[in-house]
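S.K.: If you scroll down you'll find the structure; I have some questions about it.
The values are calculated or read from the model by the stated rules, or taken from the named source; none is laboratory data. Please read all numbers here as calculations on a predicted model, not as lab measurements. Note: ideal-geometry Cβ built from the backbone for every residue, glycine included; neighbour counts use all protein chains shown. Accessible surface areas use protein heavy atoms only, side chains included; no ligands, DNA or RNA. Shrake-Rupley method; radii C 1.70, N 1.55, O 1.52, S 1.80 Å.
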Amino acid sequence: MANNNSFVGNSSRQQINGQVIIVQILVMIFLCINFLLIVTVFKKECFYRTTRYILFAVTLLSDSFMLFMSNVLLILSYFQIAMHVWLCIIISVVVLVYLIITPVTLTAMTLERYVAICMPLRHGELCTTRRTVYCILIIHALSSVPCFIVLAVFFASAYLKFYKQYQICSVEIFILHRWQGHLRSAVHQFYFLIMCITIVFSYVKIIKIAKTASGENRKSIWKGLRTVILHAFQLLLCLIQLWCPFIEAAVLQINVTLFRNVRYFNYIVFNLVPRCLSPLIYGLRDEKFFLTLKSYAFFGSYKRNI
């Protein structure tokens, strides 16, 4: 979550300087990889007209945006740069929406695999380009609901003069009372519960089909099953990310240095890592996409292999 981006405290800047540099390097590497993958998707018609690759592109775009924005908030927090609260609210709203888009899209990709494996005769009918566009709109609408709830509660609680204040920007700016943090967490936990149920349902159905399949079909189904498992792992990391603020608040009562290290660990493991698994799941494990990616990465040297 974006609140994991705050590395505050003037006395600790020397200590965390190396950590911030490591984050910058990782973010730049992941953004470059995602950019190459996005270009690959939109370079070939067979990719940008196929549902799973379109959803893959949506995931890459949202992940890249989240990596960029969380890194900006980290830098602003590190250098103690304050801004108007109303401007921070605008930035935080966008961050909160894109925080949810990736797991919701992963759930949609899992359902696409379920339809492809368990309902192959209807896959072409249900997973058209037009329906995929509608699906993307629904994903963004569903991802906006938690943000609107948090925003409505915040507007009902904040005084008018609060918006004119200068503060260091963080999504925690919406939490004026402890119960607001619990409400936000409850809404997110409900979303992830629905997503987990969907993935478990898809997993059970696919594994039943896999047991009765044979030959190449069986191999393809088990590959789809491994994809579902990786999606579940991503969602698990995203779910743990929502618990991080409560863990960090408890650690802060014990030791400030320990709190800083825990927050840095949470940012790397539960913010960066989940958004870097998508290239592995669909970018490197998909043979067709991987060969095309190598072709563009090495300026056509591998075109003869495609």
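S.K.: Taking the full set of protein chains and a 1.4 angstrom probe, give the accessible area of Ile229 in square angstrom, rounded to the nearest 10.
M.R.: Using a 1.4 Å probe on the heavy atoms, I get roughly 80 Å².
S.K.: Continuing with this model, one more query. Which order do His182, His188 take by accessible area at a 1.4 Å probe, largest first?
M.R.: His182, His188
S.K.: Follow-up. What number comes out for the charge environment of Lys211, summing +1 per Lys or Arg and -1 per Asp or Glu over other residues with Cβ under 13 Å away?
M.R.: Summing Lys/Arg as +1 and Asp/Glu as -1 gives +3.
S.K.: Would you kindly enumerate the cysteines in the chain that have no other Cys beta-carbon under 4.7 Å from their beta-carbon?
M.R.: Cys with no partner Cβ under 4.7 Å: Cys32, Cys46, Cys118, Cys127, Cys135, Cys147, Cys196, Cys238, Cys244, Cys276.
S.K.: If I fit a long axis through the Cα atoms of helix 51-78 and take the longest principal axis of the Cα atoms of the chain, what angle between them do I get, 0 to 90°, rounded to 10?
M.R.: Orientation of helix 51-78: about 20 degrees from the principal axis.
S.K.: Can you tell me, using C-alpha contacts under 8 Å and at least 6 residues apart, the relative contact order of the chain as a whole percent?
M.R.: Computed over the chain, the figure is 26 percent.
S.K.: Still on this structure, please answer the following. Would you mind putting 37-49, 108-120, 70-82 in packing order, based on average other-beta-carbon counts within 10 Å, highest first?
M.R.: Top of the packing list down: 108-120, 70-82, 37-49.
S.K.: Related question: Kindly express, to the nearest 10 degrees and within the range 0 to 90, the angle between helix 129-157's C-alpha long axis and the longest C-alpha principal axis of the chain.
M.R.: Here the helix axis deviates by roughly 20 degrees.
S.K.: Report, to the nearest 10°, how far helix 178-212 tilts away from the longest principal axis of the Cα atoms in the chain, using its own Cα long axis and a range of 0 to 90°.
M.R.: Computed tilt is about 10 degrees.
S.K.: Right, something else. Tell me, what HN-Hα J-couplings in whole Hz come from the Karplus equation 6.51 cos²θ - 1.76 cosθ + 1.60 at θ = phi - 60° for each residue of segment 20-28, using x for Gly and Pro?
M.R.: Result, rounded to whole Hz: 5, 4, 4, 4, 4, 5, 4, 4, 5.
S.K.: Shifting gears a bit: Just order 123-136, 262-275 by mean Cβ neighbour count inside 10 Å, highest at the front, would you?
M.R.: Averaged packing, sorted descending, gives the order 262-275, 123-136.
S.K.: How much mean residue ellipticity at 222 nm does the chain get from its helices, if each DSSP H run of length 4 or more adds -39500 (n - 2.57) and you divide by all residues, to the nearest 500 deg cm²/dmol?
M.R.: About -26000 deg cm²/dmol.
S.K.: Here is a follow-up. With a 1.4 Å probe and all protein chains kept in place, how do Leu235, Leu176, Leu291 rank by accessible area, largest first?
M.R.: I get Leu176, Leu291, Leu235, largest accessible area first.
S.K.: Quick check on packing: order 155-165, 22-32 by the mean number of other C-beta atoms within 10 Å, highest mean leading.
M.R.: Listed from highest to lowest mean packing, they are 22-32, 155-165.
S.K.: State which entries of Lys219/Lys288; Lys44/Lys294; Lys43/Lys288; Lys43/Lys208; Lys44/Lys205; Lys223/Lys294 exceed 25 angstrom in Cα-Cα distance in the structure shown.
M.R.: Lys43/Lys208; Lys44/Lys205
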